[in-house]
Amino acid sequence: MTAMTGRTVLVVDDEPAVVEILLRYLREDSFNVVYAPDGPTAIDLFERHHPDLVVLDVNLPGFPGTDVLRRMRSVRNVPIIMLTGRADEIDRVVGLELGADDYVSKPFSPREVVARVKTVLRRNERAEVGTSPHERRIGAITLDPVAHEVRVGGKSVTLTPTQFKILNVLCSHVGQTLTRDQLLEHVTADGDVFDRTIDRHIANLRLRIEPDPANPRYIVTVLGVGYKMVNPS
Amino acid sequence: MSNRVHEIRNHLTVVVSNVEAFRDGIVDPTPERLTTILDELAQVEILLREISSGERQP
């Protein structure tokens with residue numbers, strides 16, 4: 001899998017005969033691998049190598065894997081797959097308490113571990129690419145005020161600066177009716193002063209973002225007051 | 001009992017990893033590796049014997 005080339009995986013397990021094979025499987029798939037036999041080494045390597053993912057045995061001698069997970073997560077939200085020997089650990093490990101991304105029960109197949117590593121990495125990377133922290137999502141509409149981008153059903157839509165501003169204001173107040181004056185306030189800042197033009201801007205916006213502009217599902221008219229953004233789902 | 005079961009799982013993990021790696025051509029089944037597998041299985045056998053003798057003594 002070329003997509004995973006160069007990703008670094010930190011493996012933390014105290015059984016050398018298992019680790020050796022796991023590392024070989026990961027290298028075979030073009031991962032960079034780092035290995036720690038115990039908790040303190042794991043924390044040290046985590047800070048020095050910045051792994052993209054950690055495979056972590058729950059039962060490490062002395063310094064439990066659960067503590068290792070907490071320490072790592074307090075530094076950064078790294079994806080972690082736990083190796084567990086007991087069925088009764090699983091709920092604790094993947095549940096709310098520890099929040100590992102996934103787990104594999106012993107006796108595990110190394111191939112299975114590699115497959116999970118890829119799945120978790122893909123899931124995390126998709127999540128990172130998919131949503132910028134500024135992004136707003138209303139139904140099929142995605143608006144990113146920082147990138148100045150609007151997408152409808154994944155397709156990019158071109159808006160004028162004024163249309164973008166109006167949509168941004170509406171998207172920040174989903175479910176709330178905004179008067180024409182309130183909307184105008186946000187638009188007039190850069191000299192777009194025509195009084196009743198809001199209606200025209202809204203009509204143009206609807207043409208671009210509504211599936212059926214004649215029967216708006218997102219930007220609805222509140223008679224006698226103004227407009228309101230609603231989530232149609 | 002649960003500790004022994006846990007240990008058995010650890011030994012089996014070594015066995016499964018090695019055999020799977022032989023099959024996938026990741027490592028060669030050298031005499032050393034085959035000995036490792038037999039040692040692990042011997043440990044499993046000891047643990048199973050301990051568990052069953054524990055069951056007989058109330």
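Report the FRET efficiency, 1/(1 + (r/R0)^6), for A:N231 and A:S30, where r is their Cβ-Cβ distance and R0 is 35 Å, rounded to 0.05. With R0 = 35 Å, the Cβ-Cβ based efficiency is 0.25. Buried accessible surface for the B/A pair, both sides summed and rounded to the nearest 100, is 1600 Å² with a 1.4 Å probe. Surface composition of the protein assembly as shown: carbon and sulfur atoms hold 51% of the protein heavy-atom accessible area at a 1.4 Å probe.
Solvent-accessible area per residue in chain A equals 50 Å², computed with a 1.4 angstrom probe and all protein chains kept. Straight-line cross-link reach from A:K165 at under 24 Å between alpha-carbon atoms covers these lysines, not counting any fewer than eight positions away in the same chain: A:K155, A:K228. With each label modelled as a point 7 angstrom along the Cα→C-beta vector, the B:R49-B:T30 pair spans 3.0 nm. Here the mean projected area of the convex hull built on the C-alpha positions of chain A is 16.7 nm². Only helices enter this figure: runs of n ≥ 4 DSSP H residues, each worth -39500 (n - 2.57), summed and divided by the residues of the protein assembly as shown, yield -16500 deg cm²/dmol at 222 nm to the nearest 500.
Using r as the Cβ-Cβ distance of A:T8 and A:V222, and R0 as 35 Å, what FRET efficiency do you calculate, to the nearest 0.05? Given R0 = 35 Å and the Cβ-Cβ separation, E is 0.05. The simple spin-label model puts a point 7 Å past each Cα toward its Cβ; for A:K118 and A:A147 those points are separated by 2.7 nm. Placing a pseudo-label 7 Å from each Cα along the Cα-to-Cβ vector at A:R111 and A:E135 gives an inter-label distance of 3.5 nm. With all protein chains kept in place, the per residue accessible area of chain B amounts to 63 square angstrom at a probe of 1.4 angstrom. The length gained by stretching the chain between A:S172 and A:D44 to full extension, at 0.36 nm per residue less their Cα-Cα distance, is 41.8 nm.
The values are calculated or read from the model by the stated rules, or taken from the named source; none is laboratory data. Fair warning: this is a prediction, and the values are worked out from it, not measured in the lab. We place every Cβ from the backbone using ideal geometry, glycine too, and count neighbours over all the protein chains shown. Areas reflect the complete protein model, heavy atoms only, side chains present, ligands, DNA and RNA absent. Shrake-Rupley method; radii C 1.70, N 1.55, O 1.52, S 1.80 Å.
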